[in-house]
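The values are calculated or read from the model by the stated rules, or taken from the named source; none is laboratory data. Remember, it's a predicted structure, so these values are computed and weren't measured experimentally. Please note: Cβ atoms are built from the backbone with ideal geometry, for glycine as well, and neighbour counts cover all protein chains shown. Accessible surface is based on the protein model in full, side chains and every heavy atom, while ligands, DNA and RNA are left aside. Shrake-Rupley method; radii C 1.70, N 1.55, O 1.52, S 1.80 Å.
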Amino acid sequence: MSERDTLKVQLHGTHSHVKMLDALEGLTAEQAGVVPGESPHSVFQLLRHMIYWQDIGIARILGTAPPFPESSAEGWTAAAAPTDATEWDETVEEFSTGLWEMDAMLDSDEVDLDAVVEKDRMRTVRDNLLMVMCHNSYHLGEIVMLRRQIGAWPPPKGGDTF
């Protein structure tokens, strides 16, 4: 398997853990807004946070990145719950769109994984893709745990990794 194929597999989350989008499947807007027990966040807040950094990673690759955030708090601005099912569905779609945009980058021979896209930090396309992938994977584990805590696990496609 080529490096690009391996990255695509991990981008979507297979083999090492449940697929990213499958982990969100079947979750209602109401469930996505629950902050259980001692958790500091809801699934909705985690997903908005993931989108925040995913968008920055994609923008860096495209050369359109905003200034680096002054505080990590800038990535945690979402309310606990979406306002309604439409907002939840749109949020899941926004996350999905970002995943597929990175997938397309990996499919493109025109995207050089070794190209330096952040000259001040000497970060490459690959570095940014990996940052987003690892960040998403980290928070995916939290989403799975929150779903377990609120009794909304497994998703319709199942919770096993293979």
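Tell me which residues, restricted to the range 60-78, are surrounded by 12 or more Cβ atoms within 10 Å (Cβ to Cβ) and either in contact (Cβ under 8 Å) with a residue 40 or more places away in the chain or under 28 Å from Val111 (Cα atoms) (or both).
Those that are surrounded by 12 or more Cβ atoms within 10 Å (Cβ to Cβ) and either in contact (Cβ under 8 Å) with a residue 40 or more places away in the chain or under 28 Å from Val111 (Cα atoms) (or both): Arg60, Ile61, Leu62, Ala65, Pro69, Gly75.
Among Gly13, Gly37, Gly26, which is the only one that is within 22 Å of Trp153 (Cβ to Cβ), open to solvent by 70 Å² or more (accessible area, probe 1.4 Å) and of a type in the set (Gly, Ala, Ser)?
Exactly one residue qualifies, and that residue is Gly37.
Of all residues in the range 50-59, which are in contact with an Asp or Glu (Cβ under 8 Å, 6 or more places away or on another chain) and touching a residue at least 60 places away in the same chain (Cβ under 8 Å)?
Ile58
Okay, residues lined up against (1) of a type in the set (Asp, Glu); (2) modelled with pLDDT of 95 or more; (3) closer than 17 Å to Leu46 by Cα; (4) surrounded by 14 or more Cβ atoms within 10 Å (Cβ to Cβ):
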residue	(1), (2), (3), (4)
Ala81	no, yes, yes, yes
Thr86	no, yes, no, no
Gly98	no, yes, yes, yes
Met105	no, yes, no, yes
Asp109	yes, no, no, no
Val116	no, yes, no, no
Lys119	no, no, no, no
Ile150	no, yes, yes, yes
